[in-house]
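Single-structure report; data block below.
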Amino acid sequence: DSGVTQTPKHLITATGQRVTLRCSPRSGDLSVYWYQQSLDQGLQFLIQYYNGEERAKGNILERFSAQQFPDLHSELNLSSLELGDSALYFCASSPHIGGYEQYFGPGTRLTVT
Amino acid sequence: AQSVSQHNHHVILSEAASLELGCNYSYGGTVNLFWYVQYPGQHLQLLLKYFSGDPLVKGIKGFEAEFIKSKFSFNLRKPSVQWSDTAEYFCAVMFGNEKLTFGTGTRLTIIP
């Protein structure tokens, strides 16, 4: 158990819908990272937050957004969902701003039908 | 462009065989290197990491990796694998102070 929690574990929704994935980092970790893992794209970095501020952006679509709240939990919002958004979404947390040590959560499996 | 390559997509070994998984990256500057493991149905776990110093790094569960700067490689090794090592293994590189870039992963299947 890494200490990072993610909810829900599984999510099934229809195309065009909007969902919110939630991540609680390890106690004391200020950095939160979001990744998407799909069969064709592998593990892709989406976005990083550090202490409430957006720190780095990766291959995140405009339909996706994220935020980190004062209690340091983070939410990833996915809207106008498409079939291709079906994937495992991982959150990771780190005590460092540079992400040298990332602890991954169990992931949320999103299925878009 | 900075990239991470794992050329072995699927490796099948018998128990007690020796393991070497390749990882290469393209970047001439400072790198921090990682190997993560993802057991079936589980989250990614850090196996080992290299920041600086001794290029031979020892990790958990008997794994080790060697950083060879001249070859831009960070291969993962284990002298004798067990059935419980069946998992997907990801090499990851932090280029400079940038985000972590993952390789496409190598699926390892150990036959009892």
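I'd like to know which of B:100, B:87, B:41 lies farthest towards the positive end of the charge dipole of the protein assembly as shown, counting +1 on Cβ of Lys and Arg and -1 on Cβ of Asp and Glu. So the residue furthest toward the plus end is B:87. Near the amide H of residue A:47, within less than 5 Å, lie the amide hydrogens of A:34, A:58, all on another chain or at least 5 residues away, with H placed in the peptide plane. Only Cα pairs under 8 Å and 6+ residues apart enter the sum, and on that basis the relative contact order of chain A stands at 37 percent.
In order along the range B:35-52, phi translates into HN-Hα couplings of 10, 10, 10, 10, 6, x, x, 10, 7, 5, 10, 6, 8, 6, 8, 10, 10, 6 Hz, rounded to whole numbers, per the Karplus curve 6.51 cos²θ - 1.76 cosθ + 1.60 with θ = phi - 60° and x for Gly and Pro.
About its Cα centre, chain A has a charge dipole of approximately 160 debye under the convention of +1 per Lys or Arg Cβ and -1 per Asp or Glu Cβ, with nothing else charged. Based on the Stokes-Einstein relation at 20 °C and a viscosity of 1.002 mPa s, and on the Kirkwood radius from alpha carbon pairs, the protein assembly as shown is assigned a translational diffusion coefficient of 119 µm²/s.
Among the GluC sites (Glu not before Pro) within the range A:32-113, those in coil by DSSP and having at most 10 neighbouring Cβ atoms inside 10 Å are A:62.
Once you reduce the range A:26-51 and the range B:2-18 to the center of their Cα atoms, the two points are 24 Å from each other. Ranked for footprinting exposure by Cβ neighbours inside 10 Å, fewest first, A:18, A:55 give A:18, A:55. Take the Kirkwood radius over Cα pairs of chain B, plug it into Stokes-Einstein at 25 °C and 0.890 mPa s, and you get 175 µm²/s for translational diffusion. Where the centre of each part is set by its Cα atoms, how far does the range B:27-84 sit from the range A:60-100, in angstrom? When both Cα centres are located, 26 Å separates them. Each Lys and Arg Cβ is given +1 and each Asp and Glu Cβ -1; about its Cα centre, chain B then shows a dipole of about 140 debye.
The GluC sites (Glu not before Pro) found in the range B:10-83 that occupy coil by DSSP, while having at most 14 further C-beta atoms within 10 Å, are B:15.
The mean number of partner chain beta-carbon atoms within 10 angstrom of a residue's beta-carbon across peptide A:40-50 is 3. Neighbour counts of C-beta atoms inside 10 Å place A:63, A:22 in the sequence A:63, A:22, starting with the fewest.
Only the coordinates and a few stated rules stand behind these numbers; no lab work does. Note that the structure is predicted; figures quoted are calculated from it, not measured. Every residue, glycine as well, gets a Cβ built from its backbone with ideal geometry; the counts of neighbours run over all protein chains shown.
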